[in-house]
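This report refers to the structure that appears directly beneath it.
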Amino acid sequence: MNRGVLVAGVGMAPFSKPSAGDSYDFQGPRAITSALKDAGLTYDRVQQVYAGYVYGDSTSGQRVVYQLGKTGIPVLNVNNNCASGSSALWLARQAVESGAVDCALAVGFEQMPPGALSAKWTDRPAPLSDFVAALGEIYDIDPDVPMTPQYFAAAGLEYLQKYGGSADTFAAVAVKARSHAANNPYAVFRDPVTLTDVLDSPRIAGLLTRLQCCPPTCGAAAAVICSDEFARANGLTPRVAIAAQTLQSDADDLFAKKSAMSLVGTDVTRRAARDVYQQAGVDPRDIAVVELHDCFTVNEVLSYEALGLCDEGGAEKFILEGENTYGGRVVTNPSGGLLSKGHPLGATGLAQTAEITWQLRGEAGDRQVENAALGLQHNLGLGTAGVITLFERLS
């Protein structure tokens, strides 16, 4: 980092099912207004805006921020699949860190349709066509099943073949997610579920049942990022800083590996995590709280190991011994994660940022993680974009 980058304020609009969701141009301004209020700033102090979303036409970001005013500043729209919100944050952080601006806003929002994700442009090459072809070489793709869960079903099967263990390990993640979401008023699904509930829910793809798949969701989240100098000049006292951050894509050997785990971003996560830990000079075992990308239970299990939260092949033991929750070594997804809080694609990374910020400030209420000084945020978009951000509490 070239100069200190602070999280001046964060905000969210409660997530909802598509059938009950407000339009993106209502939820986005709501999240921004909350973040500005949290920071103690007005919109006219913001010098750049980065808006992350996937399901929307061009310049949807302008439509959102124009509800707060038209100040002539640059508004950039960011689509990086499920990592769109975190990519917006990455750009805002770069702008502040480099000195291009002193205060930037990252906002993410999504007005999602019900049902599984599907391609919207069918008259041109699909961005993931090479990924589909690579998956087809190692997994029996069912043309009648949505494509996205099949990637993760294949990755889960590969993991079990490589390390052993039980499919119940994945289902246990969904049980934990619901137990955490019970204390999060922003989450969509807050009722507890049992292991039997998860395993007996309708099968979606391979070992994945419905309760092991994140739901389509509407929602928005935002973060105001500023420099040390800006904070001092404006009488702000942010208590959280970005200690390190990275955004990475795939390496050249991706398809040669013939690995579903690699196709869903495990290698990107592993490399990005090492980069962030090296930047900040920390050990993953120093981190008390993590918001990671649990779009499917399989991805949470894979991410435990890729992020260095447990040993390779050690996720089952990690889960069974309760090391991934309160009273264990690290609390993962105290918000309930994507599985229970919901996954409005463009908002997800910034909702994770809000949760980690609240945790480090000691403002997470009944889901507060004790003595949290470092928090990690992990957000992944297929195709691939992997963002990892390490936040630190300021004394």
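The values are calculated or read from the model by the stated rules, or taken from the named source; none is laboratory data. Because the structure is a prediction, the values reported are computed rather than measured. With ideal geometry, Cβ positions are generated from the backbone for all residues, glycine too; neighbour counts draw on all protein chains shown. When the accessible area is computed, the model is the full protein with side chains, heavy atoms only, and any ligands, DNA or RNA have been set aside. Shrake-Rupley method; radii C 1.70, N 1.55, O 1.52, S 1.80 Å.
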| field | Peptides 231-244, 131-144, 26-39 ordered by average Cβ neighbours within 10 Å, highest first | value | 26-39, 231-244, 131-144
| Hey, can you rank 145-153, 70-78 by average C-beta count inside 10 Å, highest first? | 145-153, 70-78
| remark: Residue-ordered couplings for region 213-227, obtained by feeding phi - 60° into the Karplus form 6.51 cos²θ - 1.76 cosθ + 1.60 and rounding to whole Hz (Gly and Pro as x), are 10, 5, x, x, 8, 9, x, 7, 8, 8, 9, 9, 10, 8, 8
| request: Just need the relative contact order of the chain here, percent rounded to a whole number, with Cα pairs under 8 Å and 6+ apart. | output: 26 percent
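Using 0.36 nm times the number of residues separating Val145 and Leu76, minus their current alpha carbon distance, what extension gain do you get?
Taking Val145 through Leu76 to full extension adds about 21.4 nm, to one decimal.
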| task | Tell me which residues come under 5 Å, amide H to amide H, from Ala220 once H is placed; ignore anything under 5 positions away on its chain. | result | Ala13
| field | Proximal lysines to Lys37, defined as alpha-carbon separation beneath 20 angstrom and excluding residues fewer than eight positions away on the same chain | value | Lys70
| said: Explain nothing, just compute: Karplus ³J(HN,Hα) = 6.51 cos²θ - 1.76 cosθ + 1.60, θ = phi - 60°, for every residue of region 98-103 in order, whole Hz, x for Gly and Pro. | reply: 6, x, 4, 9, 9, 8
| Average projection area in nm² (convex hull over Cα atoms of region 1-46, one quarter of hull surface) | 4.4 nm²
| query | If you average the sequence gap of Cα pairs under 8 Å that are 6 or more apart and divide by the length of region 275-354, what percent do you get for the contact order? | reply | 33 percent
| query | Which length gain, in nm to one decimal place, applies between Asp228 and Ser395 when the Cα-Cα distance is subtracted from 0.36 nm times their residue separation? | reply | 58.7 nm
| task | Would you work out which of Val387, Gly327, Ala351 lies farthest towards the positive end of the dipole of region 277-395, given +1 charges on the beta-carbon of Lys and Arg and -1 on that of Asp and Glu, about the Cα centre? | result | Ala351
| task | For Val78, list long-range residues whose amide hydrogen, built 1.01 Å from N in the peptide plane, is under 5 Å from its own amide hydrogen. | result | Ala51, Gly52, Tyr53
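Per residue, how much accessible surface does the chain expose to a 1.4 Å probe? Answer in Å², no decimals.
Value returned for the chain: 39 Å² of accessible area per residue.
Over region 214-357, calculate the relative contact order: mean separation of alpha carbon pairs under 8 Å at least 6 apart, over the residue count, as a percent.
36 percent
How much length is gained on full extension from Asp168 to Glu312, taking 0.36 nm per residue of separation minus their Cα-Cα distance?
Value of the extension gain: 50.0 nm.
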| said: Sorting check: for 305-312, 85-92, which peptide has the highest mean count of neighbouring beta carbons within 10 Å, and how do the rest follow? | reply: 85-92, 305-312
